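Working notes for the structure below.
The values are calculated or read from the model by the stated rules, or taken from the named source; none is laboratory data. Owing to the predicted nature of the structure, the values given are computational and were not obtained by experimental measurement. Backbone-built Cβ (ideal geometry, glycine too); neighbour counts: all protein chains shown.
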Amino acid sequence: MTYSKRWGILQIINMGTLMSTLDVGIVNIAMPTMADQFGRPLSQIQWVATLYLLTMVTLLPFLGKFSDQWNRRRVYSWGFLLFSAGSLCIALSDGLAEVLLSRVLQGVGATMIMANSQAMVRQIFPDHERGRALGINAIVISMGTLSGPAVGGFLLHYVTWPWLFAINVPIGLVAFGLGLRWFPDTESTGKKGSFDLPGSVLLGAGTCLLMLAAEGSQASGWMSPVVIGEAAAGALLFVGLWLHERRIENGILDRELFGNRAVLFGNAGSFLINLAQMATIIPITFYLQGQLGLSVQSAGLLLILQPLLMGTIAPFAGWFRDRYGAFFPVMAGSICCAFSMLFVMLAPEAHVWIIGLQLAWFGVGMGLFHSTNNAEIMSAAPSSKSSLAGSMLALVRYLGQIAGIGLATLLVGTWGLTPSTGSGIDVPMRILFGLCLISCIGVTLLTLSLKRGKRREPSRNLSPRDLGSGR
């Protein structure tokens, strides 16, 4: 079924997507200010970002399946209301503990939105328009995450950090009303079944313990019994998750979805790209304000290079995918992201223009990669599991971001805002960008492997677009 108002509905969907992802980026630029106010290092203040993401990681599989089985329109719309309530609580918080608790509530609302945004796009758009529509939505996802530092930096120049969250309240209330009015109220096509609550708990608890170990290693070192215990417990929970998922039919790692190579490889590539993005953007934010001495506003303006170029490139990548297939933009995107890491790895000193080149090249790579990769995943998933596929795509994205935060915490978690002399790049930061280079190269290899695998499948009548995508 094709909806005549689908492009208008897309703008409401993008409003929710922008609101829930913008907070990830806004917090990145606000963390140095919050660290100074609360007297905490990066390794502790990063929990303001991490708890939000952990909430999503824990609830996305559950809410994705729940939306397929219940009513996608209602889950999506009520997510706006909860997100607004969490934002208001953060703005009114007096201490860090209150901020963290409110971030969890905000994360629940954001999860209800993100579990359904791409499924709603798939529902209302035919396949020949889906790449362009999901490309636009991918722009909003990445621009929300990446432009957050620029928007936050501009606002922090005039207001205090609680206002960064207070502005969500009226936007969320408007989106809540529009969603109930305009979203299509279709019946669920998902097969009724049980929810994998133990799997969600194992995933969230394991991720949390590994993050605690990364934070604790900064203060006590990796040989501390507490750190070793947290790391071991987190690893065991992930082993338990794998064993649990093997023996049940309807787990959070859906066998039908991940049995599809396009879904599996696409999600793996998304994880690696998002790991590289978050692992580099947070230390760059601290580096610009600390080592290079830029103001919050100046740092935010420089950081806008990534979303600006990403937003410029992504529509063309989505158009290219709809006509010729996804292979070229995904491949070129991963190569651009890998190339961007060399600027920081090899530069003797990281001047502002060096950081700008890294941000620009990574933005081009993200623009090429995300719109095409997301469209391929959503098109490959069965329609009865579109919310689950969309929620798993968001889950993998946020797991990648959490892993990136953990990697940055592990290597440069002791950074603060004390200005240093000169602009030299220390060894841990070079190692961090080197690991992110390997991560991006991994995406390139996954893309090549998927294309080769498709070529080995039994021959059938292929269109030019199929040949371009490696189908």
Would it be correct to say that residue 162 is surrounded by fewer than 24 Cβ atoms within 10 Å (Cβ to Cβ) and at pLDDT 80 or above? yes
Hey, can you tell me all the residues within the range 256-278 that are touching a Leu at 6+ places or on another chain (Cβ under 6 Å) and among the β-branched types (Val, Ile, Thr)? 263
Is there a residue being in contact with a Phe, Trp or Tyr (Cβ under 7 Å, 6 or more places away or on another chain), surrounded by 19 or more Cβ atoms within 10 Å (Cβ to Cβ) and modelled with pLDDT under 80 anywhere in the range 10-21? yes
Residues of the range 298-320 being crowded, with 24+ Cβ neighbours inside 10 Å and either under 18 Å from residue 285 (Cα atoms) or not assigned by TED's automatic domain parsing to the domain that holds residue 26 (or both), in sequence order, are 299, 300, 303, 306, 307
In this structure, does residue 386 turn out to be at pLDDT 85 or above, buried (at least 24 other Cβ atoms within 10 Å of the Cβ) and either outside any helix (DSSP H, G or I) or out of contact with any Leu (no Cβ under 8 Å at 6 or more places or on another chain) (or both)? no
Test set (1) of a type in the set (S, T, N, Q); (2) in contact (Cβ under 8 Å) with a residue 60 or more places away in the chain; (3) surrounded by fewer than 24 Cβ atoms within 10 Å (Cβ to Cβ) - residue 28 fails condition number: (3)
Only one residue in 81, 63 is surrounded by fewer than 19 Cβ atoms within 10 Å (Cβ to Cβ), on the phi < 0 side of the Ramachandran plot and touching a Gly at 6+ places or on another chain (Cβ under 9 Å), so which one is that? 81
Here is a list of conditions, (1) surrounded by fewer than 20 Cβ atoms within 10 Å (Cβ to Cβ); (2) among the small types (Gly, Ala, Ser); (3) within 18 Å of residue 443 (Cα to Cα), and residue 295 meets all of them except one; can you say which number that is? (3)
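Quick one: which of 249, 245 is over 23 Å from the mean Cα position of the chain (by Cα) and surrounded by 15 or more Cβ atoms within 10 Å (Cβ to Cβ)?
Details: 249 fails: surrounded by 15 or more Cβ atoms within 10 Å (Cβ to Cβ).
None of the other options fit; the residue is 245.
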Which residue is surrounded by the most Cβ atoms within 10 Å (Cβ to Cβ), if the candidates are limited to the range 221-242 and must be modelled with pLDDT under 90 and of a type in the set (Val, Ile, Thr)? 227
Would a scan of the range 115-135 turn up a residue that is outside any helix (DSSP H, G or I), out of contact with any strand residue (DSSP E or B) (no Cβ under 9 Å at 6 or more places or on another chain), of a type in the set (Gly, Ala, Ser) and surrounded by fewer than 24 Cβ atoms within 10 Å (Cβ to Cβ)? no
Which residue is modelled with the highest pLDDT, if the candidates are limited to the range 165-191 and must be outside any helix (DSSP H, G or I) and touching a helix residue (DSSP H, G or I) at 6+ places or on another chain (Cβ under 6 Å)? 183
